[in-house]
Amino acid sequence: MNPAAKARRWSTPLVAALSAALGSCASSVPGPPLVAHPLSAYAEVPYPPPAALVEAIPPSPSSTLVWLDGYWTWQGQFYVWMRGGWVFVPAGARFARWQSFYTRDGVLIFASGAWYAPDGTRVRPPEIQLSAYTPPNEVTAEFQTAR
């Protein structure tokens with residue numbers, strides 16, 4: 001068998017195996033139902049949030065909980081990290097992930113993660129039932145801020 005035929009013989013099963021392996025890397029953690037922020041949720045900020053902090057996800061204590069990733073929230077002069085965790089979804093509510101972008105005139109605006117009722121009003125965030133934790137070998141202050 002010539003070298004090209006040998007390579008073709010092994011490449012098809014190899015590509016199939018890699019595709020299957022990479023496809024299985026998708027998250028299997030149940031997340032909250034999502035919605036977009038209303039424009040009124042955005043505020044002008046002087047700089048974007050830092051990169052997300054690393055959090056380890058503990059096993060869910062209940063099949064009725066969803067995982068809410070940690071996120072940065074703007075506190076008027078600096079960002080504060082809100083640790084993620086397992087939560088019950090408030091009845092009928094949807095979650096809007098934090099988002100920032102520049103407007104056409106170059107102004108940076110930011111909206112923190114928030115829960116919204118079907119009518120678009122903000123809903124009180126649910127209590128975290130089991131919090132994320134900082135993985136070993138990571139140093140992360142609970143209320144780490146970026147200034």
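The values are calculated or read from the model by the stated rules, or taken from the named source; none is laboratory data. If you're wondering where the values come from, they're calculated on a predicted model, not measured in any experiment. Note that each Cβ is placed from the backbone with ideal geometry, even for glycine, and that neighbours are counted across all protein chains shown.
Where residues in the stretch 75-111 are aromatic (Phe, Trp, Tyr) and without any contact (Cβ under 8 Å) to a residue 12 or more places away in the chain, which of them is nearest to Ile128 (Cα to Cα)? The residue in question is Phe101. Of the residues in the stretch 91-99, at least one is aliphatic (A, V, I, L, M) and either surrounded by 20 or more Cβ atoms within 10 Å (Cβ to Cβ) or part of a loop (DSSP other than H, G, I, E, B) (or both).
Of the residues making up the stretch 89-110, those that are more than 30 Å from Leu65 (Cα to Cα) and among the aliphatic types (A, V, I, L, M) are Val107, Leu108, Ile109. Given the condition aliphatic (A, V, I, L, M) and at pLDDT 95 or above, answer yes or no: does some residue in the stretch 46-55 qualify? No, the stretch 46-55 has no match at all.
For the stretch 64-74, the criterion of being loosely packed, with under 10 Cβ neighbours inside 10 Å, closer than 30 Å to Pro135 by Cα and either at pLDDT 95 or above or in contact with a Cys (Cβ under 9 Å, 6 or more places away or on another chain) (or both) is met by no residue. State the number of residues belonging to the stretch 100-127 that are hydroxyl-bearing (Ser, Thr, Tyr), over 19 Å from the mean Cα position of the chain (by Cα) and part of a loop (DSSP other than H, G, I, E, B). Result for the stretch 100-127: 2.
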